C-alpha cells in the first residue's frame, strides 16, 4: 500500500517565495471593512488555480475553465436552486413551458440583456448557440443538445426547441455552464478559434487581460442587472476585479494563501487541508453531485470484453483505504454509480465492494492464472489493464493506490498520463482500456450522456444486443418523476453490475480561502463569485 507523506507546513510556506517573485503581490484595493457583517462592495480578489486548460470556451471545455473563469463570464438560461437541486430557477429565461411528452421546450427570455461587446441577447442568439454547439462532437455541452429537430423563434423573446424524441433532462441541462450563452461574435468563430481566443458572454464579469497559463484578469460590468433568481442580490457583482493566477504546485498555492498573496486557492491538497482548518483561513468544500469519480471501461478491448475481468478489477479496489491514503479522508468512498449527494443516487453495496477473494475467484474461473511474478496470464497473454487520464498529481496519486491494490489479485494496472488535449483525442478515438472520469450534469440523464451509443459511449458499447440503450433513451422521455427514477435506478444497477463503470470515490473539491472572504458559492463543482465580498 502506498503511504503519502504529510507535507511539511514550513515547506509550503517557503515555496511562496517563488510565487512572489514571479507574480508580484496578491490582493489589493481592498474595500472598506464591514465590521458588522454587512457585505462590502469593491476590491480585488486574487484566486490561485492549479492550471488553465487549453480551451477557453465553457461550452467545449471539459477540464475546469468553464467552472472557474468561464462561469463568471457566461450566463445560462436557468440556474439550479442552491437548496434543492431538482428545482430550476429563472435566469436569462424568465419562464418556460415543457410539453407533456418532454419533446418541446418554450422559453420566454428577458429583453434587457446585453453581451459585453454590446450585442443584444435574444431568441436568435439562443438558436445559433445551440445549433453551433450540436456540431462540436468532442464538447460535453454538445451531448445536451443532440436530437434537436427544430429551433423556432416566433419573436425576439420567445424560443421554442423541439427534440426528435422526449428529453426530460434538458431543462436541468440549461442551468449548466456547458450551455452558457455566448455572444454572436463568438458563435461565428470556429471551435478552434473559440478555444484559443476565449468567448464573450453576458455575465457579471468580463475579461480585461489574459495571458495563457499565467494570469487572467476579469473586471465587473457596471451595467450588469440580470442575475438568476437563485442569487441573493441584484445589480452588479460586489467585487471590482478578479485576478486568476495559475499556480501549478499545490504547496505553493497553500503557502500563498496563508501568507496573504492569494485570497482563494483551488485544489488544496488533501494533506494540507487539516492545517488550513486550524489556521486563520477557511477550508471550503465543493461537493460533486454528479457521477462518482470512476474508471470508465472500454468493453471493446479483448481483455475487458469479459465481465469477469471488469468485476474483478472493481472488487480488488479498497475504496475506503484509497480515500484515506490518497485523500486524507476528505473524499468519500463511492457507494454507487452516482455520488451519494446526487438526488438520483442509490446505494449499491453488493456491487461496489472490496472483495479480493471474489476477484481472485472470478479470474480463476475465467482461466486467468498467476505467473511467477504474481501477475495473471491466459494463453500466454498477461492480464494488463492500462488507465488513461489527464496527468496531474491528484489523478496520479489515487491511481497509484489502485495500481498497488489490484496487483494483489494478479492485475497489472499500468498508468498512462496525458496532456488534456491529447486525452481528448484518446477519448474520441476510443484509444483506452479504462480512463478516469466523472460527469457534468446533476440529473440522472448524465448516464445517457456518458454511456449511450448515440452520445459519448464511454464503455464503447455496441448497438447489437444492447439492452441498456433502450433504458437510457426511455428514462429521458418519462414525464412522471417517480416512474423515471425507477428506470434510472435500473440503469445504475446494470452499469455497475456489468462493470461498464467502476465507481471509486465521490469527489469533494477543496478550496482554501482567507478568513476575510465571504459568500463564495458553488454549484456542484463550479465556482460562483457574483456575490462574494471581502470584509
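The values are calculated or read from the model by the stated rules, or taken from the named source; none is laboratory data. Predicted, not measured: the structure shown is a model, and the values here were computed from it. Neighbour counts run over all protein chains shown; Cβ positions are idealised from the backbone, glycine included.
Do you know which residues across the stretch 448-483 are in a helix (DSSP H, G or I) and within 26 Å of residue 135 (Cβ to Cβ)?
Step one: filter the stretch 448-483 for residues in a helix (DSSP H, G or I), giving 448-451, 468-475, 481-483.
448, 449, 450, 451, 469, 472, 473, 475, listed by residue number.
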Only listed residue being under 21 Å from the mean Cα position of the chain (by Cα), modelled with pLDDT of 95 or more, outside any strand (DSSP E or B) and not assigned by TED's automatic domain parsing to the domain that holds residue 388, chosen from 252, 199: 199
Filter result for residue 118 (surrounded by fewer than 20 Cβ atoms within 10 Å (Cβ to Cβ), at positive phi and modelled with pLDDT of 95 or more): yes
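The rows are residues; the columns are (1) farther than 30 Å from residue 250 by Cβ; (2) out of contact with any helix residue (DSSP H, G or I) (no Cβ under 6 Å at 6 or more places or on another chain); (3) surrounded by fewer than 22 Cβ atoms within 10 Å (Cβ to Cβ).
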| site | (1), (2), (3) |
| --- | --- |
| 388 | no, no, no |
| 394 | no, yes, yes |
| 415 | no, no, yes |
| 420 | no, yes, yes |
| 437 | no, yes, yes |
| 464 | yes, yes, yes |
Residue that is nearest to residue 113 (Cα to Cα) [pool: residues in the stretch 213-241 that are in contact (Cβ under 8 Å) with a residue 24 or more places away in the chain and not in a loop (DSSP other than H, G, I, E, B)]: 218
Qualifying residue in the stretch 151-168 (condition: outside any loop (DSSP other than H, G, I, E, B), out of contact with any strand residue (DSSP E or B) (no Cβ under 7 Å at 6 or more places or on another chain), within 28 Å of residue 219 (Cα to Cα) and at pLDDT 90 or above): no
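Residue-wise test of (1) more than 27 Å from residue 325 (Cβ to Cβ); (2) touching a strand residue (DSSP E or B) at 6+ places or on another chain (Cβ under 7 Å).
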{"position": "223", "(1), (2)": "yes, no"}
{"position": "233", "(1), (2)": "yes, no"}
{"position": "236", "(1), (2)": "yes, yes"}
{"position": "239", "(1), (2)": "yes, yes"}
{"position": "248", "(1), (2)": "no, no"}
{"position": "255", "(1), (2)": "no, no"}
{"position": "269", "(1), (2)": "no, no"}
Leading residue by the ranking (modelled with the lowest pLDDT) among those in the stretch 260-280 that are in contact with a helix residue (DSSP H, G or I) (Cβ under 6 Å, 6 or more places away or on another chain) and not in a loop (DSSP other than H, G, I, E, B): 275
Any chance residue 488 is surrounded by 22 or more Cβ atoms within 10 Å (Cβ to Cβ), under 16 Å from residue 169 (Cα atoms) and either within 21 Å of the chain's Cα centre (by Cα) or at pLDDT below 95 (or both): yes
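Could you pull out the residue among 71, 51, 110, 89 that is in contact (Cβ under 8 Å) with a residue 12 or more places away in the chain, surrounded by fewer than 17 Cβ atoms within 10 Å (Cβ to Cβ) and either out of contact with any helix residue (DSSP H, G or I) (no Cβ under 6 Å at 6 or more places or on another chain) or not assigned by TED's automatic domain parsing to the domain that holds residue 164 (or both)? Break it down into steps so the answer makes sense when it comes.
Working: 71 fails: surrounded by fewer than 17 Cβ atoms within 10 Å (Cβ to Cβ); 51 fails: surrounded by fewer than 17 Cβ atoms within 10 Å (Cβ to Cβ); 110 fails: surrounded by fewer than 17 Cβ atoms within 10 Å (Cβ to Cβ).
Answer to the check: 89.
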Index of the failed condition, residue 283 passing every other in (1) in contact with a strand residue (DSSP E or B) (Cβ under 9 Å, 6 or more places away or on another chain); (2) outside any strand (DSSP E or B); (3) modelled with pLDDT of 95 or more: (2)
The stretch 461-490 residues that are closer than 21 Å to residue 145 by Cα, paired with ones that are exposed (fewer than 11 other Cβ atoms within 10 Å of the Cβ) (beta carbon under 9 Å, 6 or more apart): 469/463; 479/100
Some residue of the stretch 501-514 being crowded, with 21+ Cβ neighbours inside 10 Å, over 30 Å from residue 282 (Cβ atoms) and under 24 Å from the mean Cα position of the chain (by Cα): yes
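For the stretch 324-443, which helices (runs of 4 or more DSSP H) that fit wholly inside it have 1 or more residues that are more than 30 Å from residue 63 (Cβ to Cβ)?
Per the criteria, 356-365.
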Residues (closer than 30 Å to residue 427 by Cα, touching a residue at least 24 places away in the same chain (Cβ under 8 Å) and part of a loop (DSSP other than H, G, I, E, B)) located in the stretch 113-146: 136, 137, 138, 139, 145, 146
